[in-house]
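Working notes for the structure below.
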């Protein structure tokens with residue numbers, strides 16, 4: 001436990017849960033207007049008809065972040081706020097999270113999904129203490145999935161079902177992981193089609209993970225399946241559920257992952273760097289994830305087996321993934 005009191009942290013958690021519900025309701029109401037909800041007023045319908053989908057999503061993004069920031073500032077005036085919308089409007093790309101009590105928020109993760117009304121979009125709210133995410137809330141209103149976690153209180157789906165979903169016992173990682181695993185990844189926004197770009201490195205890594213065992217000069221991972229949700233936040237939530245075994249990604253920002261990491265860690269998962277520590281990926285220590293690194297590898301909660309602990313099986317899987325993926329270049333100041 002950290003040096004924040006249990007009572008204080010529980011109060012922050014309760015506040016974050018309610019805030020996530022209210023913000024998710026705002027997202028869904030805005031989506032309903034775009035779908036022509038019958039209860040919308042004539043003025044609301046005329047506004048929707050005049051604006052294109054991208055403008056409406058930008059407006060929703062900004063409105064939800066403003067609502068969240070105002071609520072946090074009123075309740076916790078001494079706390080710091082780092083939000084995706086306000087950060088993106090600034091000139092600096094420095095890592096802004098420090099030891100201050102900090103809220104890290106993405107009002108709308110899965111923006112492209114939201115534009116197309118593909119249901120994998122959500123609001124993400126995290127509370128950090130001394131740089132570590134202790135509270136995470138993710139609300140995917142179209143899916144009616146609400147994820148929440150607080151250090152020492154467990155991780156939950158819809159406040160009723162404890163994560164991971166399969167429990168008593170929690171399954172170990174497959175003996176031949178990544179073979180037998182569901183592998184989650186994202187294309188990201190960096191689509192530069194140049195030799196050795198991040199896009200090319202990702203594609204090579206995806207093919208390595210998917211190829212048959214023995215293929216790719218022995219680098220084939222033969223994963224059970226590959227999934228791409230279009231939302232890093234929900235990728236992490238699904239790893240915490242145990243629905244995804246592995247998530248590997250570069251290019252995200254701290255608001256994309258902070259709440260998901262809080263939920264994953266509380267569920268018993270592992271989070272570290274996406275980038276293999278060349279040249280010694282088989283022996284290098286597996287370090288705790290750096291929130292601002294923009295390169296992430298997550299492994300689902302895992303139970304033990306007769307031959308290894310759950311943590312050992314997670315670390316074994318990390319090293320097997322590292323053998324098959326390329327180093328990604330998403331450097332940034334201060335991280």
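The numbers here are math on the coordinates, done by the rules we state, and not lab data. It should be emphasised that the depicted structure is a prediction, and the values quoted were computed from it without experimental measurement. Glycine also receives a Cβ, built like all others from the backbone with ideal geometry; neighbour counts cover every protein chain displayed.
Subtracting the Cα-Cα distance of residue 197 and residue 14 from their residue separation scaled by 0.36 nm leaves 61.6 nm. When the chain is treated as a Gaussian network with alpha carbon springs shorter than 10 Å, the biggest mean-square fluctuation among 76, 127, 142 belongs to 76. Does a label point 7 Å from the Cα of residue 226, set along Cα-to-beta-carbon, have any residues of the stretch 252-293 with amide nitrogen under 19 Å, and which are they? Of the residues in the stretch 252-293, 252, 274-276 have backbone N under 19 Å from the label point off residue 226.
If a spin label sat at a point 7 angstrom from the Cα of residue 29 along the line to its beta carbon, the backbone N atoms of the stretch 58-77 nearer than 18 Å would be those of 58-72. The slack in the chain from residue 327 to residue 243, taken as 0.36 nm per residue of separation less the alpha-carbon distance, amounts to 27.7 nm.
Taken over the chain, the alpha-carbon convex hull comes to 153 cubic angstrom per residue. Relative to the longest principal axis of the C-alpha atoms of the chain, give the angle of the C-alpha long axis of helix 310-322, reported between 0 and 90° and rounded to the nearest 10°. Between the helix axis and the principal axis of the chain, the angle is about 90 degrees.
With Cα atoms defining each centre, the stretch 168-205 and the stretch 269-335 are spaced 12 Å apart in the structure. Considering helices alone, the calculated mean residue ellipticity of the chain at 222 nm is -11500 deg cm²/dmol, with DSSP H runs of length four and up weighted by -39500 (n - 2.57) and normalised per residue. For the Cα atoms of the chain, what angle does the longest principal axis make with the long axis of helix 53-75, in degrees from 0 to 90, nearest 10? Roughly 90 degrees between the two axes. Normalised by the residues of the stretch 139-298, what does the relative contact order come to in percent, with Cα pairs under 8 Å and at least six apart? With pairs under 8 Å counted, the relative contact order is 23 percent.
In this simple spin-label approximation, residue 130 and residue 312 carry label points 7 Å from Cα along the Cα→Cβ vector, and these lie 3.1 nm apart. By how many degrees, 0 to 90 and rounded to 10, does the Cα axis of helix 198-210 deviate from the longest principal axis of the chain? Between the helix axis and the principal axis of the chain, the angle is about 60 degrees.
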